[in-house]
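Quick notes on the structure that follows.
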Amino acid sequence: MNFLNFNFKKALILLAIISLPLISINMEQKTIQDSWFSQPFTFLAQSVQSLFFNLSEGVRATTAEYINIINVKTDNQSLKKENDELKARLNLFTENQNELERLRTLLDFQNNTKMELIPAQVIGRNLVTDHNTITINKGTDHGLKAGQAVLTVSGAVGHIFQPSSRTAHVMLITDRYSVVDALIQRTRAHGLIEGKTKDTCILQYVERTEDVKDGDLIVTGGLDNIFPKGFPLGVITNVERKTKNTSLQIEVKPVVDSNKVEEVFIVKSAALENFLKDDQKASAAIVAPVESRTTNE
């Protein structure tokens with residue numbers, strides 16, 4: 001019995017010794033090949049890792065897009081600023097070109113007339129509703145005095161009525177106190193131009209028997225000793241033939257828009273010449289364009 005017990009223990013010990021290498025090999029293989037219960041954890045870890053990777057890529061792409069948008073916005077602002085500068089330069093160039101053209105026209109007009117003219121610029125406009133006046137940058141120090149005619153290359157503007165040393169007020173032909181001797185160029189019928197509104201005048205004291213039509217050009221008559229004869233005043237826009245009146249009621253639109261006048265001429269000479277007879281070049285340069293514009297309108 002003792003012998004059997006001894007042999008059994010020895011067998012167990014021997015079996016254990018032999019089994020240890022096998023168990024060690026088996027454990028090494030399981031570390032290389034995951035067991036079935038670790039696969040879910042491995043899948044979960046891979047999913048989380050993939051999620052964080054995709055999230056990181058999305059954040060990186062969004063950041064890059066945002067930076068790109070900021071760069072585009074900066075470029076747009078720079079281009080807009082450059083575009084505004086170019087527009088400002090173009091506007092300045094256009095304004096200088098227009099001013100040069102106006103000055104060339106004024107110079108040609110002054111060279112083609114025998115009248116002694118004083119050039120001036122408009123520096124103010126009267127805002128009072130009862131009067132239509134402008135202020136120019138020349139006065140008595142430059143030879144101006146009350147009663148002198150004020151003209152443009154297009155026609156009559158008004159006359160000096162309140163000069164000071166360095167400036168002067170000009171009463172426009174549309175002022176309700178303004179009266180200008182006038183005649184209808186086509187028929188040579190005389191009348192008086194009186195101011196009505198800031199945009200219209202009335203030709204008074206023309207007999208009902210006269211041939212008057214819309215579109216007829218009204219020019220200065222020269223009998224008031226203010227304006228030289230033959231300067232354009234306005235164009236007839238309406239004729240009323242009332243039976244009770246011996247004269248026609250004629251509305252006239254001035255050829256010169258006082259709101260757009262920038263440069264004018266003042267007739268310095270007190271003894272006004274017959275404009276149509278002694279200034280044929282200036283007359284052709286002024287009256288003809290007005291007639292053409294009237295025909296087109």
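Could you state the number of Å between the C-alpha centres of region 212-265 and region 122-163? Their Cα centres are 19 Å away from one another.
With kT/(6 pi eta Rh) evaluated at 25 °C and eta = 0.890 mPa s, and Rh the Kirkwood radius from Cα pairs, region 119-271 diffuses with a coefficient of 158 µm²/s according to Stokes-Einstein. The phi torsions of region 255-264, fed into the Karplus equation with coefficients 6.51, -1.76 and 1.60 and a -60° offset, translate into couplings of 6, 9, 7, 5, 6, 10, 6, 10, 10, 9 Hz, rounded to whole numbers, with Gly and Pro shown as x.
Every read-out reported here was derived from the displayed coordinates using simple, explicitly stated rules and does not represent laboratory data. These numbers come from a predicted model, not from an experiment.
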